[in-house]
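K.L.:
If you scroll down you'll find the structure; I have some questions about it.
Where a number appears in this text, it was derived from the coordinates with a stated rule and is not lab data. Since the structure is predicted, the reported quantities are computational estimates derived from the model, not experimental observations. With ideal geometry, Cβ positions are generated from the backbone for all residues, glycine too; neighbour counts draw on all protein chains shown.
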Amino acid sequence: MNRRAVAAAVLTAGFVAMLPLVALAQTPPAARRSTGHVIDYTVAVQFDGPTDFGSADANLLRPNGTPLSVFSTNSSLGPGIGLDAHVSFGLTRRLFAEATGAWGRFQLRTHTSGDVENADPLRLTEDLSRFSVEGSGLWMLWATPRAALFARGGAGWMRELAGAGTLMEDGVIGNVGGGVKYWWKNGAPGRLSRLGVRAEGRVVIRSNGITLGEQRTRVTPAASAGIFFGF
Amino acid sequence: MTRRRLALVAVIVAAALTAPAVHAYLKLGARVGSRVVAVKWSRFPIRYFITNRDVPGVSAAQLQTSVARAFATWASVTGGAVSAEFAGFTSAEPVGDGVTTLGFRARADMDRTLGATTFVLDTTTGELIESDIFLNSIFDWSIAETGQAPRFDVESIAEHEIGHLLGLGHSALGETELAENGRRAVLGKRAVMFPIAYPAGNIEDRTPEADDIAGMGDIYNTTSFQRDTGSISGRVTLNGAGIFGAHVTGFNPSTGELIGTFSLTADGSFVLAGLKAGLYVVRAEPLDDADPGSFFDTDNVVVNVNFKPAYYSKLVAVPAGGGSGAIEVKVSAK
């Protein structure tokens, strides 16, 4: 992970830590959440950090075998925004299995420079969309009737699209992170028995998919925040 | 069967003047009626003879071994779509006589030419019937495994000429500088089919580059080539008008591959084919690193070299088995 990514991860962790956990106490979660068969639904806005693909030169080969650069490129995937949808199924009081579908929109960026015939440097872009489906385990680390701190980790499949959908590459996506849930309603009478907010920070690991660099595996920070509800 | 013997440059010009955008790479073409068709072999293996003449440092048998390796290299990059078979040694010269022959000839009148390729083809179909290659024995030659300066490597030059024999024209993926004697020296290149050779002793041209492989795949267009690669099409324009003869390259930052083509019509149209799926930086530059006559018949067409190199303003997405939408690379005058 490069320096920017680390900084973003720290900021994400800070954001998570500042959410209202002041009421944390060593009391078990509410009865409705402890039955082991709770199903919660979450819809969240997702923020993805940037990915640096590094530099690559368009090289010719000199007679002595060393490269002669025609021009240089430096490429990255800009920060993105998208939507997450989670379905959490309580396996035990603390352990949940979670299925996640996500969509995000990003911008691929390449800067050209150092042209051997002095072409003007340029910033080239292309839009990228990512769809993913993941399975995760979510572990409640600490909980009160109002709030809980959790860790989550999982992996799944992703599809990235560019060129108005003409270029399509599949890959593997994984995540490790944690966050908080805060209940506005918990075990309330009526159809909507649980309602609250959820925020989390995570490290996202992607392998393959569309890239502008030689590395097939990339690590980026990400965060999401949204509402969850249960019936 | 109508047969004609054609010089390489004349064939390129036939393609360049009339080839539509489907001529993705600078490959050899022949006029058939009102059409221009790709010059290619349709019957394999190509049976070839080797002249039974030794030159200092290279015997006829050694020449045959080097030529066989060069044919095998091209065969491998096409997945076996082309193949060749050594038919024997001959005392005949490598000239049009109905038999494909490769060998040494002393051509003092061509003191800047290491080798040349000529063709006999069926002018009703564009099918190649015969092709002959000579390596100019006024130069010193070597078959040494790692090269032997100041001798030229037989396999490298044979590979370039066999590229022509199979239907490839010249690539412009190279940078040169003019020497005091008026000759161009290679600063760097990235294609066996660049018209100017590396200095004597160099063996880099034994290995085809992405540009060469794309060109050969485009000619013999195997199923895997169609399935696995895509293309970029578009125009190169100066103040809205097309430019003929601009050199257009596509660079894939994730693979480092660099592939080139030319704008081949008056409206500046080009097609870059044989690209692996991915994102590309597209750049257009004037054809100023070799004699334009190496690529086009400059008696009949005007190659515009009076513009500054420029990049297309976006990354271009290329899908496997498909093409990008049409793009326009806008350049400005020098």
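K.L.:
Evaluate the charge dipole of the protein assembly as shown about its Cα centre and quote only its size in Debye, nearest 20, assuming +1 on the Cβ of each Lys and Arg and -1 on the Cβ of each Asp and Glu. Show your work: numbers first, answer last.
P.N.:
Values: 51 positive and 52 negative charges, 669 e Å.
Computed charge dipole of the protein assembly as shown: roughly 3220 debye.
K.L.:
Counting DSSP beta bridges with both partners in chain B, what percentage is antiparallel, nearest 5?
P.N.:
70 percent
K.L.:
Something else now. Grab the beta carbon distance between A:Ala188 and B:Glu328, set R0 = 60 Å, and tell me the FRET efficiency rounded to 0.05. Mind dumping the intermediate values first?
P.N.:
Values: r = 61 Å, r/R0 = 1.01.
Efficiency, from the Cβ-Cβ distance: 0.50.
K.L.:
Looking at the P(r) of the protein assembly as shown, how many percent of alpha-carbon pairs lie beyond 46 Å?
P.N.:
Details: 50770 of 159330 pairs.
Roughly 32 percent, rounded to a whole number.
K.L.:
To continue, here is another question. Note down the nm distance, to one decimal, between modelled labels 7 Å out along Cα→Cβ at B:Ala92 and at B:Ala72.
P.N.:
2.6 nm
K.L.:
Determine the shape class of region B:196-334: with a ≥ b ≥ c the square roots of the Cα gyration tensor eigenvalues, call it rounded for a/c under 1.5, and otherwise prolate if a/b is greater than b/c, oblate otherwise. Write down the numbers at each step before the final one.
P.N.:
On the way: a/c = 1.67, a/b = 1.12, b/c = 1.49.
Oblate.
K.L.:
Can you tell me the relative contact order of region B:32-188? Whole percent, Cα pairs under 8 Å, sequence separation 6 or more.
P.N.:
Numbers: 278 pairs, mean separation 39.2, N = 157.
The value is 25 percent.
K.L.:
For chain B, how big is the tail of P(r) above 39 Å, as a whole percent of Cα pairs?
P.N.:
In whole percent, the share of Cα-Cα pairs in chain B beyond 39 Å is 10.
K.L.:
Out of all DSSP beta bridges in the protein assembly as shown, what portion is antiparallel? Express it as a percent rounded to 5. Could you put the intermediate results ahead of the total?
P.N.:
On the way: 172 of 193 bridges.
The antiparallel proportion sits near 90 percent.
K.L.:
Toward the positive end of the charge dipole of region B:120-275, about the Cα centre and with charges on Cβ (Lys, Arg +1; Asp, Glu -1), which of B:Phe251, B:Thr207, B:Met193 goes farthest?
P.N.:
The residue sitting farthest along the positive end of the dipole is B:Phe251.
K.L.:
Still on this structure: Which order results if A:Asp84, B:Asp291, B:Asp111, B:Asp122 are arranged by neighbouring Cβ count within 10 Å, fewest first?
P.N.:
Working: A:Asp84 22, B:Asp291 14, B:Asp111 9, B:Asp122 17.
Lowest to highest Cβ neighbour count: B:Asp111, B:Asp291, B:Asp122, A:Asp84.
K.L.:
Ranked by Cβ crowding within 10 angstrom, fewest neighbours first, how are A:Trp157, B:Trp74 ordered? Before the final figure, lay out each step's value.
P.N.:
On the way: A:Trp157 13, B:Trp74 24.
The most exposed by this proxy come first: A:Trp157, B:Trp74.
K.L.:
Hey, fewest Cβ within 10 Å first, where do B:Thr101, A:Thr166 land in order?
P.N.:
On the way: B:Thr101 23, A:Thr166 16.
With the sparsest Cβ surroundings first, the list reads A:Thr166, B:Thr101.
K.L.:
Identify which of B:Thr51, B:Thr176, B:Thr237 has the largest mean-square fluctuation in a Gaussian network model of chain B, with springs joining Cα atoms closer than 10 Å.
P.N.:
Highest fluctuation of the listed residues: B:Thr176.
K.L.:
Follow-up. Hey, got the average number of other protein chain Cβ atoms within 10 angstrom for residues in A:112-123? List each step's numbers first, then the result.
P.N.:
Working: counts 5, 0, 0, 6, 5, 9, 2, 8, 5, 1, 7, 3.
If you average over the peptide's residues, the count of other-chain Cβ atoms is 4.
K.L.:
Considering Cα pairs under 8 angstrom that are at least six residues apart, work out the relative contact order of chain B and quote it in whole percent. Display every interim value, and only then the final one.
P.N.:
Working: 848 pairs, mean separation 58.9, N = 334.
Relative contact order for chain B comes out at 18 percent.
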